[in-house]
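Colleague: Let me give you the structure first, and then I'll get to my questions.
The values are calculated or read from the model by the stated rules, or taken from the named source; none is laboratory data. The shown structure was predicted, so the numbers you read here are calculated from the model rather than taken from an experiment. A quick note on method: Cβ atoms are made from the backbone with ideal geometry, for glycine too, and the neighbour counts reach across all protein chains shown. Please note that ligands, DNA and RNA were not included when accessible areas were found on the heavy atoms of the full protein model with its side chains. Shrake-Rupley method; radii C 1.70, N 1.55, O 1.52, S 1.80 Å.
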Amino acid sequence: DGAANGNNANSELQNLLTEQSLHYSTLETRLATLQFNQALSLATPQLIELGRPSLKVPSIVEDAHYVCVRAIERAAGTRSERAVWTVGHWVTEVWGVDPGSGMTRESVKGVYQALIEGVGCTGEPAVEQDNNQHNIGGQGVPSKPENAFAAALLEAVDDGDDHHGGGNDGSYQRNGMSSAPPSGGISSALWQTIGGGDKGQSLQTRIDAEMCCLNGILASENSCKALSSLFADLVDEHLEGEADTSAAKKTSMLTFARDELASHARSYHNLLKERVRSLVSDLCGSDDLFDCDGKLCLQKLRLFVESEVYNLNASSFRTMEDEERLEAEIISPIRQSQIFEEVGRDKCDAAVVLQIAEEMSWKSTEIILSVLLKSNKEFNDWGAMLLSKQVRLLQNTYCGLVLGPGDADGTANGALSSINTSTILSQFSRVNQAVSILQLEKPSDWLAFAYRVDGGDDANSLNADEIKQVMSLRVDFSEEAIAKVCKSV
């Protein structure tokens with residue numbers, strides 16, 4: 001009888017522990033949701049570093065990271081696997097990048113969707129709130145942070161299962177978040193504003209908001225990496241000293257959260273690249289570079305390369321390579337472009353600036369290659385030397401954008417010291433190959449180069465057809481010699 005009573009007592013305690021763990025998990029996710037939605041409603045641009053007043057990031061990113069870290073730490077402190085699993089699932093949803101989350105207003109709106117809609121990227125709070133309560137899932141809650149958990153507890157007791165999902169319902173729409181900039185940042189609206197002329201202030205506001213958003217996307221990528229690392233540490237703690245298969249089974253949900261957040265980090269990185277590509281297209285020239293009159297810097301670059309003469313003699317080469325001429329015709333339009341000015345005002349994180357420089361480098365190389373491959377330009381060795389110098393000037397300009405004033409002596413200050421500009425130089429790989437071909441003494445010399453040209457499988461290499469087209473631009477290369485080389489490659 002004593003043993004039976006002991007087993008019954010243990011069973012009752014186990015059931016009670018399971019019940020309390022479930023109750024805690026519900027309360028924890030509800031509290032975290034309450035805090036996250038409150039952060040959404042109060043989101044504004046915040047300074048990233050003291051002393052850099054123009055460098056801002058949406059406050060929702062830092063607030064969401066703080067809320068998630070505290071929730072994970074509290075759940076881990078309970079030693080309840082269920083609690084950690086539940087919180088981990090909630091964290092992955094908050095940072096989730098499911099495209100479906102932005103399709104309807106009934107869907108969960110996390111950090112990703114908030115950034116897509118520009119929440120917290122403008123100078124004013126996203127929504128006005130009453131001082132006594134915040135509208136979280138339609139429920140009034142005390143504004144004092146110390147009463148938040150108690151309020152969530154009372155709400156759970158009173159409402160039962162009415163809000164079991166955690167409160168991420170239509171509050172996002174009721175809080176007025178739909179007034180934020182549309183998905184896609186400033187792209188379409190910005191282009192219309194540029195054409196309008198009399199809306200310069202509106203254009204500047206949108207550019208500032210987009211710069212802030214880009215910083216927020218980068219910060220979200222870093223936050224997801226940090227949270228993934230935190231779950232990785234929890235996995236290691238559970239596996240430490242336990243070699244049986246049950247330990248791996250117990251950590252499966254933690255492993256899922258770790259891997260899911262790592263995947264989210266990559267998605268934020270891809271989003272950053274897409275938004276930078278859109279911004280560069282709007283401010284420097286989009287895909288219609290060859291169907292416009294050249295008002296933007298990359299459009300001017302295209303017009304310059306199209307009109308440039310590369311069949312030169314020694315005398316004309318000295319005139320054409322003049323530093324002042326090249327500075328005025330090629331570099332000045334780029335340095336005086338709006339995107340360079342905005343970066344110069346210290347509005348972007350160093351990693352964002354690197355993405356901008358990479359995108360501008362890629363577009364510049366495509367412009368030069370398109371002109372070379374689609375036009376009937378004529379080159380000799382003097383012209384090839386001129387083009388080589390022009391390409392080097394572009395490389396130095398874009399690297400200088402990333403490195404800042406310190407690049408004159410090969411150094412950079414602060415966060416820029418960790419930035420590697422090799423990714424910028426790699427964008428010029430194809431055009432550098434074209435320049436090398438144009439500088440050959442004879443076509444057969446190309447066979448001595450170690451470039452990969454097998455069908456153009458490598459995106460950074462010219463294919464055989466492109467090599468032939470570039471070689472044919474040299475006025476002193478015979479068709480027979482070119483054909484013989486191209487058969488070999």
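Colleague: Which numbered condition in (1) within 20 Å of Glu359 (Cβ to Cβ); (2) surrounded by 19 or more Cβ atoms within 10 Å (Cβ to Cβ); (3) modelled with pLDDT of 85 or more is the only one that Arg258 fails?
Modeller: (1)
Colleague: Name the one entry in Asn432, Asn460 that is modelled with pLDDT under 95, part of a loop (DSSP other than H, G, I, E, B), within 30 Å of the chain's Cα centre (by Cα) and surrounded by fewer than 21 Cβ atoms within 10 Å (Cβ to Cβ).
Modeller: One residue alone meets the criteria, Asn460.
Colleague: Moving on to the next point. State yes or no: is Gln192 modelled with pLDDT under 95, farther than 19 Å from Ile60 by Cα and either aromatic (Phe, Trp, Tyr) or open to solvent by 60 Å² or more (accessible area, probe 1.4 Å) (or both)?
Modeller: yes
Colleague: Quick check, is Ser337 at pLDDT 90 or above and open to solvent by 20 Å² or more (accessible area, probe 1.4 Å)?
Modeller: So Ser337 fails the test.
Colleague: Kindly list the number of the only condition in (1) surrounded by fewer than 18 Cβ atoms within 10 Å (Cβ to Cβ); (2) modelled with pLDDT of 90 or more; (3) of a type outside the set (Phe, Trp, Tyr) that fails for Arg474.
Modeller: (1) is the only condition that Arg474 fails.
Colleague: Consider only pairs whose beta carbons are under 7 Å apart and that are at least six residues apart or on different chains; among these, list those whose first residue lies in the stretch 280-303 and is more than 18 Å from Leu394 (Cα to Cα) and part of a helix (DSSP H, G or I) and whose second residue is polar (S, T, N, Q) and modelled with pLDDT under 90.
Modeller: Asp282/Ser187
Colleague: Restricted to the stretch 17-72, and to residues that are closer than 23 Å to Ala83 by Cα and of a type in the set (D, E, K, R), which residue is surrounded by the fewest Cβ atoms within 10 Å (Cβ to Cβ)?
Modeller: Only one residue tops the list, namely Glu19.
Colleague: When you go through (1) over 21 Å from Val69 (Cα atoms); (2) modelled with pLDDT of 90 or more one by one for Asp288, which number turns out not to apply?
Modeller: Only one criterion is unmet by Asp288, namely (2).
Colleague: Any idea how many residues of the stretch 316-367 are assigned to a helix (DSSP H, G or I), touching a helix residue (DSSP H, G or I) at 6+ places or on another chain (Cβ under 6 Å), farther than 30 Å from Pro53 by Cβ and among the charged types (D, E, K, R)?
Modeller: 2
Colleague: Starting from the stretch 263-276, take each residue that is farther than 15 Å from Gln113 by Cα and list its partners that are part of a helix (DSSP H, G or I) and small (Gly, Ala, Ser), counting only C-beta distances under 9 angstrom and pairs at least six apart or across chains.
Modeller: From the stretch 263-276, the pairs are Ser263/Ser228.
Colleague: Might you check whether a residue that is more than 27 Å from Ser54 (Cα to Cα), assigned to a helix (DSSP H, G or I) and among the polar types (S, T, N, Q) occurs anywhere in the stretch 269-279?
Modeller: Within the stretch 269-279 (the criterion being more than 27 Å from Ser54 (Cα to Cα), assigned to a helix (DSSP H, G or I) and among the polar types (S, T, N, Q)), the answer is no, since none of the residues qualifies.
Colleague: Name the residues in the stretch 435-448 that are over 14 Å from Arg392 (Cβ atoms) and outside any helix (DSSP H, G or I), would you?
Modeller: Selection gives Leu440, Glu441, Lys442.
Colleague: Still on this structure: Take the stretch 360-373 and flag every residue that is more than 17 Å from Lys300 (Cβ to Cβ) and open to solvent by 10 Å² or more (accessible area, probe 1.4 Å).
Modeller: Residues satisfying the conditions are Trp362, Leu373.
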